[in-house]
Structures are given as structure tokens and as C-alpha cells.
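The structure appears below as C-alpha cells.
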Amino acid sequence: MRIFNDYYNNQVKLSFSDHPFDQDPKHVWVICRYRSKWLLTKHLERGLEFPGGKVERNESANEAAIREVSEETGGEIESIYYIGQYFVTGRYDQLAKNIYFANIKTIKKHSTYMETAGPVLLDELPDNIRTNELFSFIMKDDVLTYSLQFIKANSLIANPI
């Protein structure tokens, strides 16, 4: 388990074991690859980030991950892997979030992308992501760093980094 502070100085516990913090988390985050590129979305308020969101009523976290990718990017998932979970202790709230990695088979154009401006493809994630104003706070802590290391170490990418 790794423990660190996030962008807002909240404590984060990150683990790549099977649901260490919550068997039924209410939030998901999906790191996506499409044709050797990173598939992100542009959140209308926060900026560039990987798709994710809340698990809806009568929906599993895995189903939520698939739905969020489709709603926010138009991406249709070829393969999806649960890779870990993190737990954030904030000033007023706590939450557990499942982290997934998905290889995307196709991107379909939608008339709306919910609270986002739709898909954004990047060849590479910038080295200065923590200070880059284009990116959401969600992309600016060690959850992303450690998750990318895990994905690479476990050879989950269909088209390697």
C-alpha cells in the first residue's frame, strides 16, 4: 500500500490488491488506450482527465466504468482490467474509487458527452502534468504515476507505451 497526499493535500491510500478499502465502491476511474494513444476527456470545469464518475443505483463498479468511458468519450471497450483501488480522506468526506485500465476498440461520436467536451487523444502524457493547467487535479497526484507503473509492469497495454 502507498500513502501520500493528493493535489488538495488530502490523504490518499492506494493499493493494487483486490478491493482493500471497499467491496462496493461508489466511484470509478478508467485509464484508457486507443490505437497507441491515451484516451482522455475534457471535463468542462476541471480540464483533461481520464473518464470516471459515480456508480449508479443497481450498477456494479465495472458496469459504471464501461458506461462512464462511453458517455464521456464515446469509447467502446475491447478489454477492461480492475487494477486497484484508492481511498481519499478529505476534510468533509471519504471515498473509495476503483481504478481500471481499458483498451478501447472504437470511438463513436455522440451528440453529447455529459459533463465533458468529449474525447481527447494524446500520443503521450506530458512530463509537466502536475503543473500543466490544461489537466484536472485528478491527474496531478501519485495515483496516476503508480497506476501507469502497474499497467506497464503487468503488460496490460495492447499497444505498448
Query - Spacing of the two label points (7 Å from each Cα toward its C-beta) at Asn5 and Asn58, in nm - result: 4.4
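Would you compute, from DSSP H runs of 4+ residues alone, the mean residue ellipticity of the chain at 222 nm, taking -39500 (n - 2.57) per run and dividing by the full residue count, rounded to the nearest 500?
Calculated at 222 nm, the ellipticity per residue is -5000 deg cm²/dmol.
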Query raised in the report: How big is the Kirkwood radius of segment 2-153, worked out from every pair of different alpha carbons and given in Å to one decimal?
Result: 15.5
Requested in this report: Would you mind checking Lys13/Lys42; Lys26/Lys108; Lys37/Lys97; Lys42/Lys152; Lys108/Lys152; Lys13/Lys54 for any pair whose Cα atoms are more than 21 angstrom apart?
Outcome: Lys13/Lys42; Lys26/Lys108; Lys37/Lys97; Lys42/Lys152; Lys108/Lys152
Query raised in the report: Between Glu76, Glu68, Glu124, which gets the highest mean-square fluctuation from a Gaussian network model of the chain, Cα cutoff 10 Å?
Result: Glu124
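Give me Met139, Met114 ranked fewest to most by other Cβ atoms within 10 Å of their Cβ, as a rough exposure proxy.
Met114, Met139
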Query - Candidates Asn62, Asn98, Asn128, ranked by Gaussian network fluctuation over the chain, Cα under 10 Å, top entry - result: Asn128
Report summary line: Zone reached by a paramagnetic label modelled 7 Å from Tyr82 Cα along Cα→Cβ, restricted to segment 5-47 with backbone N below 19 Å, covers 13-32
Query raised in the report: What's the extension gain from Lys26 to Tyr92 if we count 0.36 nm per residue and subtract their Cα-Cα distance?
Result: 22.1 nm
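Each reported figure results from applying straightforward, stated rules to the coordinates on display, with no laboratory input. In this text, all values refer to a predicted model and were calculated from it rather than measured experimentally. Cβ atoms come from the backbone with ideal geometry, glycine included; neighbour counts cover every protein chain shown.
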